[in-house]
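Before any comments, here is the structure.
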Amino acid sequence: MTLAATRSRPSLAGAFAHGSTLPVTIIVLIVIVVWYLAAIPMNRVLSEPLIAAAGGGLGNTLSISWSLPRPVLPAPHQVLIELWNTVFIVAPWRPKSLLYHCWVTLSSTLLGFILGTLLGVGLAIAIVHVKALSRSLMPWIIASQTIPILAIAPMVIVVLGSIGLTGLLPKSLISMYLCFFPVTIGMVKGLASPDPMQLDLMRTYNASTAQVLWKLRWPAALPFLFASLKVAIAIALVGAIVGELPTGAQAGIGARLLNGSYYGQTQQIWAALVAAAVMSSGLVWLVGFIERRVALAMGGRP
Amino acid sequence: MAAASVIEARELSLTFETADGPVYALSKVNLTVQDGDFVSFIGPSGCGKTTLLRVIADLEQASEGHISVNGMKPDEARRKRAYGYVFQAPALYPWRTIERNVALPLEIMGFSAAERAERIARNLDLVNLKGFEKKFPWQLSGGMQQRVSIARALAVDPKLLLMDEPFGALDEIVRDKLNQQLLELWGRTKKTVVFVTHSIPEAVFLSTHIVVMSPRPGRIIDVIETKFPKDRTLDIRETPEFLKVAHRVREGLRQGHSYDD
């Protein structure tokens, strides 16, 4: 009886030890400790005269190293303060607000992601149906990804700017350029994934190519699509940030990064990086959430 | 020849060109299947029984000879959707419920929603799967899944049913039961069935005609007509008549093998 009771109601400490909470907490703590420690030697050049002026000692070393106005490496709490100020204190529609910049980047990320997904799926459908295309198109698609995006992003922005395209679209095109690739690769595999028997079945029904695509290839490819979309949405964000770097730093996470490095505002850089990471994991989570809902609707085992 | 012939094959040959040289899958096959027959192809693996079924279904094309299905070339017959095909595996689409799997050919062939609902209900009832409409394939046993695939093949109401070792992957108890059900179904619907198997009792129990085949090259070595009543039960497998036919099939298979070693 006692055994059953303990089994059915595990203690809080037990859940902590056996779940993923403990390892996650430990890793986070280690990262924070390493970060604080690293801030001391990395800020030495700036902090040394101040520490000497204050009379030295461990207490002064720590407090000065972790509270410099423009540190080389800001301490975690400095980044948190910057985040708090730019997210919660400033109104979100003001250019000083981090949320404003997040929205600028997010909008071009999402537009680029949608365009990239459409392009990727379109290319995959073409490649699966036309044998010649898989030979002729695939090398170009792969070559497109070997070009460093940082090298061509400014060209794309400048060229499109010269024909009057500015703002959202050029940045989105860079996102699209990065994120169509995993979608194409995943969907070529996914659309070709039905086994010969499932395809033969369609042949016995004398199904048209379009019917085979919509009733067999497309649903069979959906798991592959979602795996690709998770990669695609994360790199769409990277593309949008890279696209913001050469635009003269007007707005967006990329602009925040560039501004921060101009003026030595490392807290601002780190806050922008944290914001990018939060957005990225949020977007990947969202794709995963939709994936689970779709899988359930398609008869997946719960 | 009282009944019209549903399948007519004359000197039919099929050769696969492979890297190791040609493989003679079928060699000079002659076969007539009449309306309402239950014909089994039996033989060891590699004898071309599945290939012959696939040629009838236009999933493979003969290299030589002539074949007609419902008086048409196989590709015309396929385009006119003259047959239902049951594969070795159920080949259900895992993302579709049972009723939507049965609906698949009906959707493709453009039946109305009302007609689809009626046919789904009728054919799931025919294979004793009423009440499973909303389940997904993984929630059903292998035998039930194969019955769904039979319902799917019957849904378009073809006159000809082509079955490629449909019960091969099932255990003997389930297989006996499905054989009995298939026989009842054949008696009720009066369809023509062509059935591929490698089980002698299955072939003898089900068929009006047993086509014994042999490999390398794939060919027909015997066609045995059985005269069991249409409403036979599994009990006939103990009768002397049944054993006699089974013996003749076995003899034929042994004869075919003697070319090998």
Given the conditions (1) assigned to a loop (DSSP other than H, G, I, E, B); (2) open to solvent by 50 Å² or more (accessible area, probe 1.4 Å); (3) closer than 21 Å to residue A:198 by Cβ, every one holds for residue B:91 apart from (2)
Among residues of segment A:188-198 being among the hydrophobic types (A, V, I, L, M, F, W, C) and crowded, with 20+ Cβ neighbours inside 10 Å, the residue farthest from residue B:146 (Cα to Cα) is A:188
The residue from A:123, A:137, A:115 that alone is over 23 Å from the mean Cα position of the chain (by Cα), open to solvent by 30 Å² or more (accessible area, probe 1.4 Å) and under 19 Å from residue A:229 (Cβ atoms) is A:123
The condition of being of a type in the set (A, V, I, L, M) and within 22 Å of residue B:6 (Cβ to Cβ) holds, among B:91, B:77, B:117, B:113, only for B:77
Counting only residues in segment B:118-136 that are open to solvent by 50 Å² or more (accessible area, probe 1.4 Å) and part of a helix (DSSP H, G or I), the one farthest from the other protein chains (Cβ to nearest Cβ) is identified as B:125
When residue B:78 is run through (1) within 14 Å of chain A (Cβ to nearest Cβ); (2) part of a loop (DSSP other than H, G, I, E, B), the failure sits at (2)
Output for Cβ contacts, cut-off 9 Å, separation at least six or different chains, first residue over 25 Å from residue B:246 (Cβ atoms) in segment B:39-58, second among the basic types (Lys, Arg) and part of a helix (DSSP H, G or I), reads B:57/A:203; B:57/B:78; B:58/A:203; B:58/B:78; B:58/B:79
Do we find that residue B:65 is on the phi > 0 side of the Ramachandran plot, open to solvent by 40 Å² or more (accessible area, probe 1.4 Å) and within 14 Å of chain A (Cβ to nearest Cβ) in this structure?
no
Note: among A:84, A:93, just one is open to solvent by 30 Å² or more (accessible area, probe 1.4 Å), assigned to a helix (DSSP H, G or I) and closer than 25 Å to residue A:255 by Cβ, namely A:84
Of the listed residues (A:29, A:68), the one being closer than 27 Å to residue A:271 by Cβ and at pLDDT 90 or above is A:29
Out of (1) open to solvent by 40 Å² or more (accessible area, probe 1.4 Å); (2) more than 9 Å from every other protein chain (Cβ to nearest Cβ); (3) within 26 Å of residue B:134 (Cβ to Cβ); (4) assigned to a loop (DSSP other than H, G, I, E, B), the one residue B:60 does not meet is (3)
* Asked: Residues in segment B:189-205: is at least one in a loop (DSSP other than H, G, I, E, B), within 26 Å of residue B:11 (Cβ to Cβ) and open to solvent by less than 10 Å² (accessible area, probe 1.4 Å)?
  -> no
Scanning segment A:199-211 residue by residue, the ones that are surrounded by fewer than 20 Cβ atoms within 10 Å (Cβ to Cβ), at the interface with chain B (Cβ under 10 Å from one of its Cβ atoms) and not in a loop (DSSP other than H, G, I, E, B) total 4
Problem set entry | Selection status of residue B:142, surrounded by fewer than 16 Cβ atoms within 10 Å (Cβ to Cβ), in contact with a strand residue (DSSP E or B) (Cβ under 9 Å, 6 or more places away or on another chain), more than 13 Å from chain A (Cβ to nearest Cβ) and not basic (Lys, Arg) | no
message: It is to be established whether one or more residues within segment A:168-183 are more than 14 Å from chain B (Cβ to nearest Cβ), hydrophobic (A, V, I, L, M, F, W, C), more than 20 Å from the chain's Cα centre (by Cα) and open to solvent by 30 Å² or more (accessible area, probe 1.4 Å).
response: no
Over segment B:96-117, the set of residues within 10 Å of chain A (Cβ to nearest Cβ), more than 18 Å from residue B:147 (Cα to Cα), in contact with a helix residue (DSSP H, G or I) (Cβ under 9 Å, 6 or more places away or on another chain) and of a type outside the set (Asp, Glu) is B:108
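Residue-by-condition table, conditions (1) open to solvent by 30 Å² or more (accessible area, probe 1.4 Å); (2) under 21 Å from residue A:72 (Cβ atoms); (3) of a type in the set (Lys, Arg):
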residue: A:238; (1), (2), (3): yes, no, no
residue: A:246; (1), (2), (3): yes, no, no
residue: A:257; (1), (2), (3): yes, yes, no
residue: A:265; (1), (2), (3): yes, yes, no
residue: A:274; (1), (2), (3): yes, yes, no
residue: A:281; (1), (2), (3): yes, no, no
residue: A:285; (1), (2), (3): yes, no, no
residue: A:288; (1), (2), (3): no, no, no
residue: A:297; (1), (2), (3): yes, no, no
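The values are calculated or read from the model by the stated rules, or taken from the named source; none is laboratory data. Please read all numbers here as calculations on a predicted model, not as lab measurements. A quick note on method: Cβ atoms are made from the backbone with ideal geometry, for glycine too, and the neighbour counts reach across all protein chains shown. Note: areas computed on protein heavy atoms with side chains; ligands, DNA, RNA excluded. Shrake-Rupley method; radii C 1.70, N 1.55, O 1.52, S 1.80 Å.
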